[in-house]
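Worksheet for the structure shown next.
Where a number appears in this text, it was derived from the coordinates with a stated rule and is not lab data. Keep in mind that this is a model prediction, so the values were computed, not measured. Heads up, the Cβs are rebuilt from the backbone with ideal geometry, glycines too, and the neighbour counts pull from every protein chain shown.
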Amino acid sequence: MKLDTISRRIAIRNEIDVEKVDTNRNPRLFLSSFIQIDSAIVNGRKLYLSRVGDTLCLHIGILKKSKLTFWYSIPIDSFIYDKAIVLTRGMKWCPYLHDNISVLNSEVTVPAGYKVYSSGTLASKSADSDNITYKYSNRINSGLPFIIAPIDYYSETTKYQNGFSIDYCFLNKDTSLQNSIIKESLSALNFCSSYIGNYKQKQLTYIEVPNFGSAQSLETFIMMSSDFIKYFGLSQSMRFWVAHETIHQWIGVGYFNSIYTTPRYGTFIEESLTEYMRYVYIEKTFGQDSIASQIKYVVNIYNTEIKGTDQDVLCSDNSPGRVIYCNAPLIFHVLRINIGDVKWQSFIRKLYSDNYGRGIGYDDFKHTLEHYANYTVIEQMEKYINSKGIPDKIVNK
């Protein structure tokens, strides 16, 4: 990619090496409908394309091992917020497949006076009199984030802990709030390193993203919305989102769902487990009463706001709804009670160490759990996953 501030466009060459696909039809990629492809080839030959909304159809028959190359440009005014150019997967700014198991190597050239922020490992940075080129490498391309901003756009701080560096990039000028978030993140990182296992990267970035609606954890890169930062700590629901996104560096990024569209129980073994590990973090940081208070809080939320509504669905539905963050973590609490703290931590550590860098499904998760839980315990867990409401072991406790 190359940013041209005069034409106000980013010129892009996108190369996709396809090893295999699980389809018997012409392959389809996602790309925003307002982006026009200037040229495309497959294995050195012209590639014929058609469009259906945000779907790019490739007319090449059943796709075997192939190399696809696309040339196009995007207008920066469509992606600029405040002074920053923000590109994320949801914007469909480059062609991609749903499957998130692929390496992403990127090269971004910007004029001197600009800086690039992205996920993965910064492999190199070089400069000449006019431009700076950043090269990044990602194990998984799930987020496709690139933020291009003036070099003085962010207030930046770097900390060092457990053998890696942590960069913080804030727009919010409240230094007390910045320090609170930094303190919370360092505490959560220390918990994860000691409880789950060593962080296997050398660097991590927490970055405030303008016009971003929530918070998201990607490989070495945690994006934070301005509102999430503004309201951090002002209510119980906003107190520990930093810890949740930090834990995702181990669960959901360290190992991850095998298919982006989520396999069986995929949301449960990623989002719900991350949320429950946030409970464990609270307990280990603030004491036993804190997790009891958290459980009481979510049980009340379910009974007063979710029960009997259209949000009251099965955890097995794989929808990213409220039960995934409210009911489902309690299933893990029951599991932990059933197998005991020692086996629970051993299970979490093995799940991470055995599967780091892999895409896993529920069968992999269950196979690891079988080392620590018997058939009856697992059967009870699966019953809860496929039932509405709070687990009876919590209700009756």
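Take peptides 103-114, 44-55 and line them up by average Cβ neighbours within 10 Å, highest first, as a rough protection proxy.
Numbers: 103-114: 16.2, 44-55: 11.4.
Packing proxy ranking, top to bottom: 103-114, 44-55.
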Here the convex hull volume per residue of the chain, taken over Cα atoms and given in Å³, is 156
Helical mean residue ellipticity (222 nm; -39500 (n - 2.57) per DSSP H run of 4+; nearest 500) of the chain: -8500 deg cm²/dmol
If the reach is capped at under 16 angstrom between alpha carbons, list the aspartates and glutamates near residue 350, excluding any in the same chain fewer than eight residues apart. 270, 341, 363, 364, 370
At 7 Å along the Cα-to-beta-carbon direction for both residue 356 and residue 57, put a label point, then send me their distance in nm to one decimal. 4.5
Can you compute the FRET efficiency between residue 65 and residue 345 using 1/(1 + (r/R0)^6), with r the Cβ-Cβ distance and R0 = 35 Å? Round to the nearest 0.05. 0.25
With angles folded into 0 to 90 degrees, how steeply does helix 273-286 sit against the dominant principal axis of the chain? Use alpha carbons for both and round to 10. 60
Mind jotting down the distance between the C-alpha centroids of segment 323-347 and segment 155-177, whole Å? 32
Test of understanding: what is the full-extension gain from residue 194 to residue 172, defined as 0.36 nm times their sequence separation minus their Cα-Cα distance? 4.8 nm
Specify the residue with the greatest mean-square fluctuation among 383, 115, 135, computed from a Gaussian network of the chain linking alpha-carbon atoms under 10 Å apart. 383
Rounded to 10°, Cα long-axis angle of helix 288-301 versus longest principal axis of the chain: 80
Beta bridge orientation in segment 155-243: antiparallel %, DSSP, nearest 5: 50
In degrees rounded to 10, the 0-90 angle between helix 328-339 Cα long axis and the longest Cα principal axis of the chain is 50
Contour excess over end-to-end distance, with Cα ends at residue 305 and residue 264 and 0.36 nm allotted per residue: 12.1 nm
List the lysines whose Cα lies under 29 Å from the Cα of residue 307, skipping any in the same chain that are fewer than 8 positions away. 296, 366, 383, 388, 393, 397
Along the Cα-to-Cβ line of residue 312, 7 Å from the Cα, sits a label point; which residues in segment 356-397 have backbone N less than 15 Å from it? 387-392
Charges only on Cβ, +1 for Lys and Arg, -1 for Asp and Glu: so what's the dipole of the chain about the Cα centre, in debye to the nearest 20? 620
I want the local charge near residue 160. Using Cβ-Cβ distances under 14 Å, sum +1 for each Lys or Arg and -1 for each Asp or Glu among the other residues. +1
Modelling each spin label as a point 7 Å along the Cα-to-Cβ direction, I'd like the residue 81/residue 214 distance in nm, to one decimal. 1.4
Take residue 157 and residue 17, extend 7 Å from each Cα along the Cα→Cβ direction, and tell me the distance between the two endpoints in nm. 4.1
Under 15 Å, Cβ to Cβ, from residue 310 - net charge with Lys/Arg +1 and Asp/Glu -1: 0
Of all GluC sites (Glu not before Pro) in segment 138-213, the ones in DSSP coil with at most 13 other Cβ atoms within 10 Å are none
What does the C-alpha gyration tensor say about the overall shape of segment 305-394? Classify as rounded when a/c is under 1.5, otherwise prolate if a/b is larger than b/c, or oblate. prolate
Straight-line reach check, residue 65, cutoff 16 Å on alpha carbons, 8 or more apart in-chain or any other chain, hits among aspartates and glutamates -> 15, 17, 19, 22, 99
